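To start, the structure itself, in structure tokens.
The values are calculated or read from the model by the stated rules, or taken from the named source; none is laboratory data. These numbers come from a predicted model, not from an experiment. Here the Cβ is made from the backbone with ideal geometry for all residues, glycine too, and neighbour counts use every protein chain on show.
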Amino acid sequence: MGYFTVSGLDMPVSGEVRISGAKNAALPELAAAVLCEGAALDNCPRLSDIETAAKILENAGFSFERAGGCVSVLPRENQNGCVPEELCGKMRSSILFLAPLLCRCGEAAVYMPGGCCLGARPVDLHIYVLETLGAKISADNCKITASAPNGLNGAEIDLPIPSVGATETAVMAAACASGESVIKNPAMEPEIEDLCRFLNSAGADTVFGREIKIRGKNGLLERAQHSVMPDRIEAGTYLAAAAITGGELYLKNAEQRHILPFIKILENMGCIIKSRSQSIYIDAPGCLYSPGLVETAPYPEFPTDLQPQLTALLAVKRGKCTVRENIFESRLGHIPQLRKMGADIEIHDERTFTVRGLDGPLKSESVRATDLRCGAALILAGLAAKNGNRVEGGEYILRGYEDICKKMSLIGIKIKYST
Ligand code: EPU
């Protein structure tokens, strides 16, 4: 079990950070590589979740090779549609392999996915999607088996909620089905548009929009060649590091338009933010004012994956802010840890809390990450504590932040990972 030691800051962060390829785009794209004759994925981040995806691919009969940021996936002689239980337990995204393995092998089996604990995370919508496209599914509490020996058939898929993962399952499965599909009420996250681009590079015919329209290929796809979009949550986390320390940062390979609600909040709090193509500049004054009210919601609204980092920022700035988490049943793991560091946060119910900003530093403490973004928030909190902090559960953070110690060191943060 690893932990991070953050030394606290003598001065605000400053300098340049290159944002990595997005974990949440690279993972579905590696799953979609199963549908292709082969895939070359550029800008693919080095993260523990990507290593898990590589193991799933290798186990299913694909080679996975990396040269710098470029990853290549190729089918070997034989493929099998089973993902071992141990690998499913490691991450939620293992469920994304079910549809592609089903399309390639005619049958597939995965175990209930693990991943960050954010309350109940059912997979009923993934099952609904595959059944709607004609797959036969048998599922118990532990394992899901799918079969479609004669392939899938295009259909109208009407999602009751815009689930990111279920939309990705639908896009991948419909791309190889026979006939046309329409996904109604899809998730509109940029990572899904990126997945559509990946699939189209391999000859699929998907049109991303308020409804996603797919003309199925009735078979597997050609070779895919794609560059993974920048990680908007990593970009948001570094912007929060600048804001919390009153620093100045220039982010390369970052798209402001992907995190506009977060940018607007930082601006309203008092930061100056400028953007050019694929870069974001932030200059944060020491004194920032709370935005008053923030709610997470599906894209293009405020992303749940930046809620914990924003909470850490609110904890040390001026004013009161009520936050409501609308995506996950339980994503408040950072609150008790921030409180331990002296933050003034009142929990109203499982989804709502009020932060009263201290307008001053937090206490130095040893705290524990309970999920990836909770971990990011606790590192940010360490930057706002005079003598830093120690963040246990560091392996969560390694799931989503490439080279975090190296990148943070370059902008003046003293941080170390130890096992
Ligand atoms: N849901 C269902 N049934 C399903 C699927 C989802 O009820 O079959 C519910 C979930 O329980 C949740 C809500 O729908 O309450 C949203 O879940 P969604 O399917 O949209 O999320 P996901 O695909 O599991 C992805 C990201 C998450 C991110 C969410 C929301 C990846 C690999 N993961 O998860 O990222 O928080 O979308 O934007 O893309 C992270 O990076 O830290 C992370 C958790």
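Considering only residues that are surrounded by fewer than 16 Cβ atoms within 10 Å (Cβ to Cβ) and more than 16 Å from the ligand (Cβ to nearest atom), look in the stretch 349-372 and name the one that is nearest to GLY2 (Cα to Cα).
Filtering first and then ranking leaves SER366.
Looking at GLY400, GLY360, GLY382, which one is among the small types (Gly, Ala, Ser), over 17 Å from the mean Cα position of the chain (by Cα) and part of a loop (DSSP other than H, G, I, E, B)?
Just a single option satisfies the conditions, and that option is GLY360.
When only residues in the stretch 176-193 that are within 13 Å of the ligand (Cβ to nearest atom) and either among the polar types (S, T, N, Q) or buried (at least 24 other Cβ atoms within 10 Å of the Cβ) (or both) count, which is nearest to GLY219 (Cα to Cα)?
That would be ILE192.
Would you say ARG331 is under 26 Å from GLY286 (Cβ atoms) and charged (D, E, K, R)?
No, not satisfied.
Only residues that are buried (at least 21 other Cβ atoms within 10 Å of the Cβ), in a helix (DSSP H, G or I) and among the polar types (S, T, N, Q): list them for the stretch 293-340, please.
Of everything in the stretch 293-340, those that are buried (at least 21 other Cβ atoms within 10 Å of the Cβ), in a helix (DSSP H, G or I) and among the polar types (S, T, N, Q) turn out to be GLN307, GLN309, THR311, GLN337.
Among the residues in the stretch 206-229, are any touching a helix residue (DSSP H, G or I) at 6+ places or on another chain (Cβ under 9 Å), under 30 Å from GLY357 (Cα atoms) and among the basic types (Lys, Arg)?
No; the residues of the stretch 206-229 include none that is touching a helix residue (DSSP H, G or I) at 6+ places or on another chain (Cβ under 9 Å), under 30 Å from GLY357 (Cα atoms) and among the basic types (Lys, Arg).
Before we move on, is ASP359 under 20 Å from THR296 (Cβ atoms) and either among the acidic types (Asp, Glu) or touching a residue at least 60 places away in the same chain (Cβ under 8 Å) (or both)?
It is false that ASP359 is under 20 Å from THR296 (Cβ atoms) and either among the acidic types (Asp, Glu) or touching a residue at least 60 places away in the same chain (Cβ under 8 Å) (or both).
Could you list all residues from the stretch 140-175 that are β-branched (Val, Ile, Thr) and either away from the ligand (no atom under 12 Å from the Cβ) or surrounded by fewer than 17 Cβ atoms within 10 Å (Cβ to Cβ) (or both)?
Within the stretch 140-175, THR145, ILE157, ILE161, VAL171 qualify.
Please indicate, with yes or no, whether at least one residue in the stretch 228-243 is surrounded by fewer than 23 Cβ atoms within 10 Å (Cβ to Cβ), under 30 Å from ALA39 (Cβ atoms), touching a residue at least 40 places away in the same chain (Cβ under 8 Å) and charged (D, E, K, R).
No, the stretch 228-243 contains no residue that is surrounded by fewer than 23 Cβ atoms within 10 Å (Cβ to Cβ), under 30 Å from ALA39 (Cβ atoms), touching a residue at least 40 places away in the same chain (Cβ under 8 Å) and charged (D, E, K, R).
Kindly establish whether GLU346 is surrounded by fewer than 22 Cβ atoms within 10 Å (Cβ to Cβ) and at pLDDT 95 or above.
Yes; evaluated as a whole, the condition is true for this residue.
Checking the structure you have, find out if any residue of the stretch 56-71 is more than 16 Å from the ligand (Cβ to nearest atom) and on the phi > 0 side of the Ramachandran plot.
Yes, the conditions are met somewhere in the stretch 56-71.
Out of all the residues in the stretch 172-196, which are free of Cβ contacts under 8 Å to residues at least 40 places away in the same chain and more than 18 Å from the chain's Cα centre (by Cα)?
Answer for the stretch 172-196, where residues must be free of Cβ contacts under 8 Å to residues at least 40 places away in the same chain and more than 18 Å from the chain's Cα centre (by Cα): GLY179, GLU180, VAL182, ILE183, LYS184, ASN185.
I need every pair where a residue in the stretch 81-110 that is under 11 Å from LEU130 (Cβ atoms) has its Cβ under 7 Å from the Cβ of a residue that is aromatic (Phe, Trp, Tyr), sequence separation at least 6 or different chains.
none
Can you report the number of residues in the stretch 125-139 which are within 16 Å of the ligand (Cβ to nearest atom) and either modelled with pLDDT under 95 or part of a strand (DSSP E or B) (or both)?
Adding up the residues that qualify gives 2.
Among the residues of the stretch 380-403, which ones are within 21 Å of TYR250 (Cα to Cα) and within 14 Å of the ligand (Cβ to nearest atom)?
Matches in the stretch 380-403: GLY400, TYR401, GLU402.
Could you please tell me which pairs satisfy a Cβ distance under 6 Å, a separation of 6+ or placement on different chains, a first residue in the stretch 132-157 that is touching a residue at least 12 places away in the same chain (Cβ under 8 Å), and a second residue that is among the acidic types (Asp, Glu) and part of a strand (DSSP E or B)?
SER147/GLU107; GLY154/GLU180
Hey, among ALA31, ALA53, ALA39, which residue is in contact with a Pro (Cβ under 6 Å, 6 or more places away or on another chain), touching a residue at least 40 places away in the same chain (Cβ under 8 Å), surrounded by 18 or more Cβ atoms within 10 Å (Cβ to Cβ) and closer than 23 Å to PRO230 by Cβ?
Selected residue: ALA31, the only one of ALA31, ALA53, ALA39 that is in contact with a Pro (Cβ under 6 Å, 6 or more places away or on another chain), touching a residue at least 40 places away in the same chain (Cβ under 8 Å), surrounded by 18 or more Cβ atoms within 10 Å (Cβ to Cβ) and closer than 23 Å to PRO230 by Cβ.
Scan the stretch 262-292 for residues that are surrounded by 21 or more Cβ atoms within 10 Å (Cβ to Cβ) and polar (S, T, N, Q) and jot them down.
If the condition is that a residue be surrounded by 21 or more Cβ atoms within 10 Å (Cβ to Cβ) and polar (S, T, N, Q), then SER290 is the only one that fits.
Can you name the residue in the stretch 103-124 that is closer than 16 Å to LEU30 by Cβ and at pLDDT 95 or above and is also nearest to the ligand (Cβ to nearest atom) among such residues?
Step by step, filter the stretch 103-124, then rank; the result is VAL110.
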